[in-house]
Amino acid sequence: MKKCRVCGGQIDIKNVDVEIAGVVVKRVPAEVCSKCGERYFDTSTATFVQSVANFVKQKRNELSTGLAQA
Ligand SMILES: [Zn+2]
């Protein structure tokens, strides 16, 4: 059983919504402390979330640029 690095509480595996720079990525597998709510992601998950956020931000920029030109 894993312990939280912040408070020593019990860690549960959950799917959580993660927000990065205003972009929400839904149902991301994470280890969540049942006591303080601290979240831990493994490296591949963190990379995935970051790349999704970057993709959405890029699309959003393209969209707003397109609208400005219209
Ligand atoms: Zn904790």
Toy charge model, Lys and Arg Cβ at +1, Asp and Glu Cβ at -1: the chain dipole around Cα centroid in debye, rounded to 20, equals 100 debye
Nearest 10, in degrees from 0 to 90: the angle of helix 43-69 to the longest Cα principal axis of the chain is 20 degrees
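Computed from the coordinates by the stated procedures, all read-outs in this text should not be read as laboratory data. Keep in mind that this is a model prediction, so the values were computed, not measured. Neighbour counts are summed over all protein chains in view; Cβ atoms, including those assigned to glycine, are modelled from backbone coordinates with ideal geometry.
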